[in-house]
Amino acid sequence: MKNSFDNIILNKAAIDKLFEKQLDIWELARNNYASLPNIKYREVKLRGGSNKEGEVVVKIQFNPHRIVSSTADIDAKTLNARDCFFCKQFRPKEQLSIGYKGVITDYLVQINPYPIFSKHLVIQSITHCRQEIDSTRVEDMLSMARLLKDYVIFYNGPNSGASVPDHFHFQAGLKGLLPLEKNFSTFKKEKIYERGLLLNNKKHNNTASNNFIRLYTLSDYTNGAFIIESSSKRAAITKMGEIYSAFAVASKRGNGKFSPDIIVSSDSNLFTEGGEWEPMMNILCWWVGSDKGNEGFWRIALFARGELRASCYSASGEDRIIISPACVEMAGLFITPLEKDFERVIRRDLERILDDVSVDKNIELKILRMLRKQPAVSVGIIHAPQINFI
């Protein structure tokens, strides 16, 4: 099928037109999006909130169409035995795309036929290369978040929820569904670093100075949850590189090289067993600010991971819960493809899942010491001040 979007520039209007066309000609996508209004949700209160009760509200979504993604085997043998459905010769004939040129990587923006969001995109590399983040791809991520203000752009690492770890891709979903993005002020925070100014008042809403950057953790929610806010793309990439490098050292995964001054292309790197080429992580990014003018800044969430799946995933009998954490789960939206799990999961289960897949406290403290450039101290005598702010 000829792609009628070959010469279309990526923007909101183009994406709206892409969805309209795809739901007209692609039965699978049309049926799955049509079922979204009937999707069930539940709310659960977890620790880590900034209110008096110290709780933050997360959501559970019952979505049976996500069973393939939630249970995907990502070992090298399985991946090598199947065709890559992101590659041109194996993509569904009905699938259309909008091209986007990144710093080095070129992408195809397509609708996700198995949606979580009312508009759910897959942004895949034209080249068949492994899931691997670098400074140029972070720059692409930031650019797309600025261009598509209505969307959250996200990246699942090769051992952190990506069901297609052998072909590089981002995803994007409409804002308003992920608790971390929608209700960000309700999460408790601990500040690590700040420079520049951010104004929030009637006259200047989300107006940041050119050098504004802020780094903090989400305290009490889960280990290894880092937030960057920045009005500068370069400053954001630099701070991301500091976290990446510290995590690489602490976890002994990845080479720790991540800098806006070093142009690195990952476009030819192919998937191998283990995914040891980078630390385990999930990254989300969105633009915060007005639709008018240049007021605003980027907000980036990086979750340092320790495991692909929680212990309950491999449990037997009634103890088994099919929740496979990726970006959306780490951001407070837990996808359950089985209705029995949707109905029975409680606070204790979700907190245990987050604990199981996040880095342990010692790794988090090593990262924090490197970010703060503090000398090593014993865990028992670290008393970081708690700073709550919006």
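At-a-glance table
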quantity: Computed [θ] at 222 nm, deg cm²/dmol, the chain (DSSP H ≥ 4; -39,500 (n - 2.57); rounded to nearest 500); calculated: -7500 deg cm²/dmol
quantity: Cross-link table 45/373; 119/252; 21/149; 59/93, entries beyond 32 Å C-alpha to C-alpha; calculated: 45/373; 119/252; 59/93
quantity: Residue 193 long-range amide H proximity, modeled H, under 5 Å; calculated: 215
quantity: Cα convex hull of segment 88-144, projected area averaged across orientations, nm²; calculated: 4.6 nm²
quantity: Within straight-line cross-link reach of residue 12, aspartates and glutamates at Cα separation under 18 Å, skipping those fewer than 8 residues along the same chain; calculated: 20, 140, 150, 291
quantity: In Å², nearest 10: area of residue 127 left accessible to a 1.4 Å probe; calculated: 60 Å²
quantity: Accessible solvent surface per residue of the chain, calculated while the other protein chains remain in place, 1.4 angstrom probe, Å²; calculated: 44 Å²
quantity: Straight-distance crosslink candidates among lysines, where the alpha carbon sits under 20 Å from residue 52 and sequence neighbours closer than 8 are dropped; calculated: 182, 188, 189, 191
quantity: 3J(HN,Hα) from dihedral phi, segment 353-358, Karplus parametrisation 6.51/-1.76/1.60, rounded to Hz, x for glycine, proline; calculated: 4, 4, 4, 5, 9, 7
quantity: Solvent-accessible area, 1.4 Å probe, carbon plus sulfur percent, for segment 115-158; calculated: 48 percent
quantity: Sparse-neighbourhood loop sites, trypsin sites (Lys or Arg not before Pro) in segment 233-317 - DSSP loop, at most 11 other Cβ within 10 angstrom; calculated: 252, 292
quantity: Of [x] 42, 24, 21; [y] 30, 25, 22; [z] 35, 27, 18, the label for semi-axes √(5λ) of the Cα gyration tensor in Å derived from the coordinates; calculated: [y]
quantity: Most mobile listed residue (159, 63, 38) in the chain, GNM with C-alpha springs under 10 Å; calculated: 38
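The values are calculated or read from the model by the stated rules, or taken from the named source; none is laboratory data. Everything numeric in this text was worked out from a predicted model, so none of it was measured. A quick note on method: Cβ atoms are made from the backbone with ideal geometry, for glycine too, and the neighbour counts reach across all protein chains shown. Accessible surface areas use protein heavy atoms only, side chains included; no ligands, DNA or RNA. Shrake-Rupley method; radii C 1.70, N 1.55, O 1.52, S 1.80 Å.
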